[in-house]
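To keep things clear, I will list the structure first and then write my remarks on it.
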Amino acid sequence: MKKIQGIIIILACLLVFIPGQSFALINMEVFTGSSFEGRVAGLEAEDDVSGMNYGFRFNALYRIPVFDFGLGGFMQGSPLTYEMKGETYKLNKLTLGIDSFARFKPEIAPVYPYIRAGLAIYDKSETTMVNSDDISITEFNFRASYYGLGVSYPLVPMPVIDVHLFMEYLYDISKVAKDNELRCHKLNIGLFMSI
């Protein structure tokens, strides 16, 4: 968790030192993907936690030659399932927080690699047993984070608007109960538009 907070602080500090002639834009993203190889630490789950995830992000985008830096917010939803002691559980998560990224944009490359990190401000988990009406709801602040890397491919190069297709891998960590921690590997695909 401290590593993620450190990465976000470093990226925020870098934005302060961007030269004055650089300008800020708005970067908006929508994405969907799959959560795989997930585990709930503290439980002896019979199967991996798996499911999908979706969401959107928005960032203030700062550009310098061959680099873009973004700092903004995100919303991510994750309907997941897992099995424990012969019972199937549904785990629905909603996370809101701070997103940051740094993208390398060499002139000669057809794709642009980037790194990304995020920290939750609000994280809510709702667990239900498939054959039961029991619901367990847990809310945490600053208890979820992610980091990862990805690549984007420009689809519509225009003078004012950039539209890119992107694919990314994220490692997501969050609390789902007092003593249980959810760790998921995620693969996302989406579109972003910079204005």
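The values are calculated or read from the model by the stated rules, or taken from the named source; none is laboratory data. These numbers come from a predicted model, not from an experiment. Every residue, glycine among them, receives a Cβ derived from its backbone with ideal geometry; neighbour counts consider all protein chains shown.
Against the conditions (1) modelled with pLDDT under 90; (2) of a type in the set (A, V, I, L, M); (3) surrounded by fewer than 17 Cβ atoms within 10 Å (Cβ to Cβ); (4) under 17 Å from residue 170 (Cβ atoms), residue 49 satisfies every one except (3). Condition check: modelled with pLDDT under 80, loosely packed, with under 14 Cβ neighbours inside 10 Å, in contact with a strand residue (DSSP E or B) (Cβ under 6 Å, 6 or more places away or on another chain) and over 22 Å from residue 105 (Cα atoms). Does residue 41 satisfy that? So residue 41 passes the test. Looking across the stretch 158-179, the residues that are assigned to a loop (DSSP other than H, G, I, E, B) and either among the charged types (D, E, K, R) or more than 19 Å from the chain's Cα centre (by Cα) (or both) come down to 158, 159, 160, 161, 177, 178, 179.
Condition test on residue 141, is it among the polar types (S, T, N, Q), surrounded by fewer than 16 Cβ atoms within 10 Å (Cβ to Cβ), under 17 Å from residue 73 (Cβ atoms) and touching a residue at least 12 places away in the same chain (Cβ under 8 Å)? I'd like the intermediate steps shown before the answer.
Working: among the polar types (S, T, N, Q): yes; surrounded by fewer than 16 Cβ atoms within 10 Å (Cβ to Cβ): yes; under 17 Å from residue 73 (Cβ atoms): yes; touching a residue at least 12 places away in the same chain (Cβ under 8 Å): yes.
For residue 141, the condition - among the polar types (S, T, N, Q), surrounded by fewer than 16 Cβ atoms within 10 Å (Cβ to Cβ), under 17 Å from residue 73 (Cβ atoms) and touching a residue at least 12 places away in the same chain (Cβ under 8 Å) - is met.
I'm trying to understand the selection: among the residues of the stretch 57-70, which are within 14 Å of residue 194 (Cβ to Cβ) and either touching a helix residue (DSSP H, G or I) at 6+ places or on another chain (Cβ under 9 Å) or not polar (S, T, N, Q) (or both)? Once the filter is applied, which keeps residues that are within 14 Å of residue 194 (Cβ to Cβ) and either touching a helix residue (DSSP H, G or I) at 6+ places or on another chain (Cβ under 9 Å) or not polar (S, T, N, Q) (or both), the stretch 57-70 yields 57, 58, 60, 61, 62, 63, 67, 68, 69, 70. Of the residues screened, residue 152 is not one that is over 19 Å from residue 32 (Cβ atoms) and within 18 Å of the chain's Cα centre (by Cα). Taken over the stretch 52-70, the residue count meeting the criterion of being surrounded by fewer than 16 Cβ atoms within 10 Å (Cβ to Cβ), at pLDDT below 90 and either among the β-branched types (Val, Ile, Thr) or touching a strand residue (DSSP E or B) at 6+ places or on another chain (Cβ under 6 Å) (or both) is 2. Taken over the stretch 74-91, the criterion of being over 14 Å from residue 144 (Cβ atoms) and either outside any strand (DSSP E or B) or not β-branched (Val, Ile, Thr) (or both) is satisfied by 79, 82, 83, 84, 85, 86, 87, 89, 90.
On the basis of being outside any loop (DSSP other than H, G, I, E, B), modelled with pLDDT of 85 or more, farther than 26 Å from residue 25 by Cα and small (Gly, Ala, Ser), does residue 125 make the cut? The answer is yes for residue 125.
Does the stretch 10-30 contain at least one residue that is at pLDDT below 80, under 30 Å from residue 129 (Cα atoms) and outside any strand (DSSP E or B)?
Of the residues in the stretch 10-30, the ones at pLDDT below 80 are 10-24.
Of the ones still in play, those that are also under 30 Å from residue 129 (Cα atoms) are none.
Within the stretch 10-30 (the criterion being at pLDDT below 80, under 30 Å from residue 129 (Cα atoms) and outside any strand (DSSP E or B)), the answer is no, since none of the residues qualifies.
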